Ligand SMILES: [Zn+2]
């Protein structure tokens, strides 16, 4: 079985393990298990997507030794060379969030659901490292019941039609649950109302020159002084808003250093704030709805300055 197929098999197994734990009346211990299994499933699905294109895309460092030892060791004709290659190679693969960043280059669905995937990655970290009681269980339940199925099906569909059987026998139950909750909590409708309220508010506020110049001053000061802030277009009033970033980091272990070296390898948008119309977007489904990364003024890959 090639490595792409192995990742897909792992993704299928993890989603099948998560599926029975997803529901409206689950216990906390079922919920955190569902989060961990789904997050691992999603990461493996993204690595499957990358490896279908080229197995090296899942590697942290792409060089000759890593590439050969990780994916092509069986093709080396002189077995005596393997020990030497192994010594120089580091088989580390990229993290969940870096997988999202890379896979978004090849799948529009990954780009669209990036805010959800980042939220899932953060929640997995919470489940692994902190007391589960700190998590807003209602929010987590909505995300697992309403969004997980839709996001994963869209990503799987963007890879290939043969990426199926992700939910075991729970597929139709989860599909119906997600659709029923989407109807109940119509984000589009809520967002249309929210954006209109701020757009109308700005029409009134813009009549006062003092308000306008204060908003301009705040915006320009924050852009100039805060490192994790980027200019973006406000989805409500169309003015200059601020995208608040959270860096994605990776660690490397240098034998000579006492502590791991931290590398900032990208960033994700965690909020949009507008001083003109006072819009504040922080929930992942709000950021997803306005396609936050497409609002950025800069067009290159997002990294923290
Ligand atoms: Zn605005």
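Every read-out reported here was derived from the displayed coordinates using simple, explicitly stated rules and does not represent laboratory data. Keep in mind it's a predicted model, so treat the numbers as computed, not measured. With ideal geometry, Cβ positions are generated from the backbone for all residues, glycine too; neighbour counts draw on all protein chains shown.
Determine the percent antiparallel among the DSSP beta bridges restricted to the range 171-305, to the nearest 5.
Percent antiparallel among DSSP bridges in the range 171-305 is about 100.
Going by how many other beta carbons lie within 10 Å of each one, how would you line up 119, 132, fewest first?
Arranged by neighbour count, lowest to highest, 119, 132 become 132, 119.
Rounded to the nearest Å, what's the spacing between the alpha carbon centres of the range 187-208 and the range 122-177? Just the number, please.
So the separation of the two Cα centres works out to 32 Å.
From the P(r) of the range 113-228, could you give the percentage of C-alpha pairs in the tail past 26 Å?
48
With contacts defined as alpha carbon pairs under 8 Å and 6 or more residues apart, what's the relative contact order of the chain in percent?
Averaging sequence separation for qualifying contacts and normalising by length gives 16 percent for the chain.
Out of 251, 284, 228, any idea which swings most in a Gaussian network model of the chain, alpha carbons joined below 10 Å?
Result: 251 has the largest fluctuation of those listed.
Starting from 0.36 nm per residue, how many nanometres of slack lie between residue 9 and residue 210 once their C-alpha separation is accounted for?
Length gained, residue 9 through residue 210: 66.3 nm.
State the volume of the convex hull built on the alpha-carbon positions of the range 187-295, expressed per residue in Å³ and rounded to an integer.
Dividing the Cα hull volume of the range 187-295 by its residues yields 96 Å³.
Mark the label point 7 Å from the Cα of residue 226 along Cα→Cβ and return the residues of the range 187-215 whose backbone N is within less than 14 Å of it.
Of the residues in the range 187-215, 215 have backbone N under 14 Å from the label point off residue 226.
How big is the C-alpha Rg of the chain next to the rule-of-thumb value 2.2 N^0.38 Å, as a ratio?
Ratio of Cα Rg to 2.2 N^0.38 Å: 1.14.
Provide the FRET efficiency to the nearest 0.05 for the residue 253-residue 200 pair, computing r from the beta carbons and using R0 = 51 Å.
The value I calculate is 0.40.
Counting other beta carbons within 10 Å of each residue's own, what order do 13, 84, 248 fall into, fewest first?
84, 13, 248
Once you've got the GNM for the chain with C-alpha springs shorter than 10 Å, pick whichever of 241, 128, 214 has the biggest mean-square fluctuation.
Residue with maximal mean-square fluctuation among 241, 128, 214: 214.
Using only the alpha carbon atoms of the range 1-60, find the Kirkwood hydrodynamic radius as the inverse mean reciprocal pair distance, in angstroms to one decimal.
By the Kirkwood definition, the hydrodynamic radius is 12.0 Å.
Tell me what the chain gives for mean residue ellipticity at 222 nm when only DSSP H runs of n ≥ 4 count, each as -39,500 (n - 2.57), the sum divided by the residue total, rounded to 500 deg cm²/dmol.
-16500 deg cm²/dmol
Round to a whole angstrom and tell me the spacing of the C-alpha centers of the range 225-291 and the range 1-35.
If we compute the Cα centre of each part, the gap is 29 Å.
First measure r as the distance between the Cβ atoms of residue 280 and residue 172, then evaluate 1/(1 + (r/R0)^6) with R0 = 45 Å and state the FRET efficiency to the nearest 0.05.
So the FRET efficiency works out to roughly 0.75.
Full-extension gain between residue 81 and residue 189, please, as 0.36 nm times their residue separation minus the C-alpha to C-alpha distance.
The span from residue 81 to residue 189 would gain 32.7 nm if fully extended.
Just 86, 60, 75 to compare: in a GNM of the chain, with alpha carbon springs under 10 Å, which one fluctuates most?
75
Determine the gain in length on full extension of the stretch residue 129-residue 165; use 0.36 nm per residue of separation and subtract their C-alpha separation, reporting nm with one decimal.
Here the answer is 9.9 nm.
With labels modelled as points extended 7 Å from the Cα through the Cβ direction, what inter-label distance (nm, one decimal) is found for residue 27 paired with residue 72?
That separation, rounded to one decimal, is 5.1 nm.
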